[in-house]
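A quick write-up on the structure given underneath.
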Amino acid sequence: MAPDWLGSPQHLVAGAMLGAAVVVAGRAQIRPAWLLLALAVGVVATAELLVELAEYPLLFGGNATQRAYYDTIADLAATLTGGITGALAATALVARRRD
């Protein structure tokens, strides 16, 4: 059994949307751009951690199975990948508009 990396596209999309939203919301108050990007990735990672902490007992009932582990790891990776991608895209757009 291995992680199903493409099994949760909603995590990728939600991470991208949240990462971009944080960048857009903080673009006027936070400079430099790398700090805004780091904040966005941190918010996405924290939000996904909270989602997985709530999801694990609801879906798996506390049964620490290999499937549960792989599902959680794949969800975390997909959300973080989406968050980084969304934050980078939004940061590039914001930087282009400032110039």
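Laid out as a table, the results:
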item	result
Under the Debye formula (equal points on every Cα, no solvent term), log10 I(q)/I(0) of region 9-98 at q = 0.11, 0.13, 0.18, 0.21 Å⁻¹	-0.34, -0.45, -0.71, -0.87
Axial C-alpha extent at least 24 Å, average Kyte-Doolittle at least 1.0 - helices from the chain (DSSP)	9-26, 33-60
Gained length - Met17 relative to Ala38, 0.36 nm times residue gap less alpha-carbon distance	6.0 nm
Candidates Gly15, Gly42, Gly83, ranked by Gaussian network fluctuation over the chain, Cα under 10 Å, top entry	Gly42
Potential extension, Ala95-Tyr69 segment - 0.36 nm per residue separation minus Cα distance	5.5 nm
Cβ-derived FRET efficiency at R0 22 Å, Leu49 paired with Thr81, nearest 0.05	0.90
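A short reminder: the numbers here are calculations on the coordinates, not readings from a lab. Keep in mind that this is a model prediction, so the values were computed, not measured. In this analysis, Cβ positions are derived from the backbone assuming ideal geometry, glycine residues included, and neighbour counts consider all displayed protein chains.
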